[in-house]
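These notes are about the structure you will find just below.
No lab work stands behind these numbers, since they all come straight from the coordinates. What you see is a predicted model; the values in this text were computed from it and never measured. Note: ideal-geometry Cβ built from the backbone for every residue, glycine included; neighbour counts use all protein chains shown.
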Amino acid sequence: MSLKAAERAHLLALADDEHMVGARHTNWIGLGPFLEEDLAFCSIAQDELGHAIGLYEILLADDPDRDSADLDGFAMLRDAADYRSCWLAEVDCSDWNDSLVRHWMYDRAESLRWGALSDCSDERVAALANRALREETFHLDHAERFMGRVAGADVTGKIAASINRLLPIARGLWDELAEGDPVATGFASRSVAELAAEWETLIADDLNKWGVDIILPDGNVSTGQAHRSIRSDGFDAFHADLQRVILLDTSAVW
Amino acid sequence: MKTYEVFLKKAGRDEFRHAGSLEAPDPEMAVMYASETHARRAEGAEMWLVERGNVLVADPAILAVNDDKPHRHNDGARVAARRKERREGDET
């Protein structure tokens, strides 16, 4: 089955988000606040990378101009301008509180995005969406339980600072793509705008449930992202880091 | 943080077996972490967790008494020896 332009763009944006956020999460391997959390967080990272692989496989199988065996090249070696990740997925979250808040905001959105693809007209996408949703149950449990225990008792104010920093960036998740919304062709069951509105409600409801009483910032980086065509500050260094091993020997078979 | 002991059971007739232990702040987090630390590759179909403080631990001395009770080892050696003796007696 061949994908239409809006459908390809939609899947690529989701794939690049999963790739970038998964790779960013893996920075915590061996550094988690305690061993059990280290393992849980890295499992989530692996799951996100698994989702990216599944989507890249579909995109490559559907692209006559690319070798479907060159998944690593497609994932790692594109020009920066050819990625469609949002800034939330790319941004450096070197502080644990930032990573935790991103994980919660991202997985709240990711579950909605996969949910809108679970009845997708493309069976490959629907199957992947349903697998991802099963994994998202754990991701959301983890985010809710961890945040539920630390966000309300945020004596240092770090969680609040992370929410203020990341919420305007997170809204870029819903930046409309230049190719349009594939809800128009029935590919997705809900529009991106509809998911964005529900996401805002879920984020506010979570904070209310956890007793976090802060005024949420209004910002939105979508204008700067320009339909996800502009990479964030720091992307080039991150991208170079991702490529460091694969470029050691481009003829190697991994 | 509290320590929890993890028990896993595979599908079918196998019994629950001790799989290890982990630390977690409370029972809800313990169950969530255990599914990742001990069962992330489908090592079990069912899982029990017990907070270590709730495990009844026997004094090793009450088990040591049983170290020297060969009469409780019913391996059939004595019966076999007697039957052999009887058989050989019949032959003579």
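Tell me, how many Å apart are the Cα centres for segment A:92-138 and for segment A:156-191? Segment A:92-138 and segment A:156-191 have Cα centres separated by 12 Å. Here the dipole of segment A:101-215 is about 480 debye; that uses its Cα centre as origin and unit charges on the Cβ of Lys and Arg (positive) and Asp and Glu (negative). Comparing B:Pro27, B:Ala42, B:Val6 along the charge dipole axis of segment B:2-45, the residue lying farthest to the positive side is B:Ala42, per the Cβ-charge model. With the Cα gyration tensor of segment A:57-166 giving a ≥ b ≥ c as the square roots of its eigenvalues, does the rule (a/c under 1.5 for rounded; else a/b larger than b/c for prolate; else oblate) give rounded, prolate or oblate? Because a/c hits 1.5 or more and a/b fails to exceed b/c, segment A:57-166 counts as oblate.
The Cα atoms of segment A:147-186 give a gyration tensor whose axes a ≥ b ≥ c have a/c of 1.5 or more with a/b no greater than b/c, which makes the shape oblate.
Loop-located GluC sites (Glu not before Pro) in segment B:21-87 (DSSP state not H, G, I, E or B) with no more than 16 neighbouring Cβ atoms inside 10 Å: B:Glu43. Cβ-to-Cβ counts within 10 Å put A:His227, B:His73, A:His19 in ascending order as B:His73, A:His227, A:His19, the fewest first.
The residue list A:Gly22, A:Trp199, A:Leu167 was ranked by how far each Cα lies along the charge dipole of the protein assembly as shown toward its positive end, using unit charges on Cβ atoms, and A:Gly22 comes out on top. For segment B:15-92 and segment A:1-33, write down the distance between their C-alpha centroids in whole Å. Spelled out, the Cα-based centre of one part sits 46 Å from the other. Please check: in the Gaussian network model of chain A (C-alpha springs, under 10 Å), which one of A:Ile163, A:Ile203, A:Ile214 has the largest mean-square fluctuation. For chain A, modelled as a Gaussian network with Cα springs under 10 Å, the answer is A:Ile214. Assuming a ≥ b ≥ c are the square roots of the Cα gyration tensor eigenvalues, decide whether the protein assembly as shown counts as rounded (a/c under 1.5), prolate (otherwise, with a/b larger than b/c) or oblate. Judged from the Cα gyration tensor, the protein assembly as shown comes out prolate (a/c at least 1.5, a/b above b/c). Here segment B:2-91 has an Rg and Dmax of 22.8, 74 Å, counting Cα atoms alone. In the protein assembly as shown, taking the dipole from charged Cβ atoms about the Cα centre, the farthest positive-side position among B:Leu63, A:Ser68, B:Ala81 is held by B:Ala81. Considering only A:Asp175, A:Asp62, A:Asp16, give the residue with the highest GNM mean-square fluctuation for chain A, with springs between Cα atoms whenever their separation is below 10 Å. With Cα springs under 10 Å in chain A, the top fluctuation among A:Asp175, A:Asp62, A:Asp16 is at A:Asp62. As a proxy for reagent exposure, A:Arg149, B:Arg72, A:Arg134 were ordered by neighbouring Cβ count within 10 angstrom, fewest first; the result is B:Arg72, A:Arg134, A:Arg149. May I ask you to list the lysines whose Cα is less than 19 Å away from that of A:Lys209, ignoring any residue fewer than eight positions away on the same chain? Excluding near neighbours in sequence, the set is A:Lys158. Counted by neighbouring Cβ atoms within 10 Å, the residues A:Ile215, A:Ile169 run from fewest to most as A:Ile215, A:Ile169. For segment A:5-248, a simple Cβ point-charge model (Lys and Arg +1, Asp and Glu -1, everything else neutral) yields a dipole of about 420 debye relative to the Cα centre.
Placing unit charges on the Cβ atoms only, positive for Lys and Arg and negative for Asp and Glu, gives chain B a dipole magnitude near 480 debye about its Cα centre.
Take each residue of peptide B:29-39, count the partner chain Cβ atoms within 10 Å of its Cβ, and average: the result is 4. Could you check which residue among A:Ala109, A:Ala240, A:Ala45 shows the biggest mean-square fluctuation in a GNM of chain A with a 10 Å Cα cutoff? Maximum fluctuation in the GNM of chain A, among the listed residues, is at A:Ala240.
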